[in-house]
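Since the structure comes first, as structure tokens, the remarks are kept for the end.
The values are calculated or read from the model by the stated rules, or taken from the named source; none is laboratory data. All values derive from a computational prediction rather than experimental measurement. Cβ coordinates were reconstructed from backbone atoms using ideal geometry, including for glycine residues, and neighbour counts include every protein chain displayed. Just so you know, the surface numbers come from the protein's heavy atoms only, side chains and all, with ligands and any DNA or RNA stripped out. Shrake-Rupley method; radii C 1.70, N 1.55, O 1.52, S 1.80 Å.
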Amino acid sequence: MVSVRPPCAALLLLLAACAGQPPARPLPVPVLRYETLEGEGPGEVSLLFTLDAENPSGEAAELRITDWGASLNGRSLSRDGEAELRVGDQGAPQDGSLPALAAGETRSFPLRLNLNLEALLGEAAPETREGEAALDLELRYSYPGSGAPEAGALRIRLRREARFPLIREPRFSIRSIGVKRAELINTRFLVTISVDNPNAFPVALSAFSYELYNRGRFWAGGTMERVLDVPAASSAEAELALVMNFINMNRGLLDEIAALRQVDYRFTGTALVNTGFAFLPHFRWTYDSSGSTLVTE
């Protein structure tokens, strides 16, 4: 005869079989959030993230960033010069370890992804207006108090993307050099410059300093405030008034200018470029342009 156990007896046997197994450890759900953007210049930006790491288990957990990667507009970035990940203002330890989490603790870690955009700006088409960056993290949770921490280790992958406007430096050229020969020694020049703005937003040039050279010889220099505003994806011109003293200059240069012939030049200096963006409201632009132009009256 086959004996049949009542349902309650079967349940008791099942509970007895499971009594020696520890309850399943609750899984952590860390979150990677993008916060904001900071800029040092058109080619150097920092994306600020926050890693919210939780430990819902009843035992302490060790946390480690075992791997990370970054990409920009679909292009993987090298950790050697193109992308750098830092924890707060300090670099992460060599092994990627973070402070341990106590049982039930949640802690936030600020992450800074420093990007070098020089290569992208050089490769990207002029119409590329935005950068889309992505940060990938692999986190490892381990529990040293469990007796077999490696067996219970968890690896969790996180990804967060961020979009930001790309900022390019203006381009500069000299259109003409006009001569005002009212004086014999001090000759006044009107230099017409053209500034091309490749960005999708207007820029303003202020705190403009300049030096003008001919064949390695200094002609004149000076500073100006609020030189010009350049519309988005457009160009603008400005006229600079320079005074040159020819007492110690070569007579041949005077003859060239008197004959209104073409002269070689080198125009160099710096300007403060105002962008209107909070993450990079302005940056210092260093320009150095050489060429030749006709001298006009």
*For Asp80, indicate whether it is loosely packed, with under 12 Cβ neighbours inside 10 Å and at pLDDT 80 or above.*
yes
*Test Ala278 against the stated conditions and say whether it is open to solvent by 70 Å² or more (accessible area, probe 1.4 Å) and either charged (D, E, K, R) or at pLDDT 75 or above (or both).*
yes
*With Glu225, Glu161, Glu183 as the choices, which residue is modelled with pLDDT of 90 or more and surrounded by fewer than 17 Cβ atoms within 10 Å (Cβ to Cβ)?*
Glu161
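Looking at the range 85-104 only, could you name the residues that are closer than 27 Å to Leu37 by Cβ and either at pLDDT 90 or above or open to solvent by less than 60 Å² (accessible area, probe 1.4 Å) (or both)?
Result: Leu85, Arg86, Val87, Gly88, Gly91, Ala92, Gly96, Leu98, Pro99.
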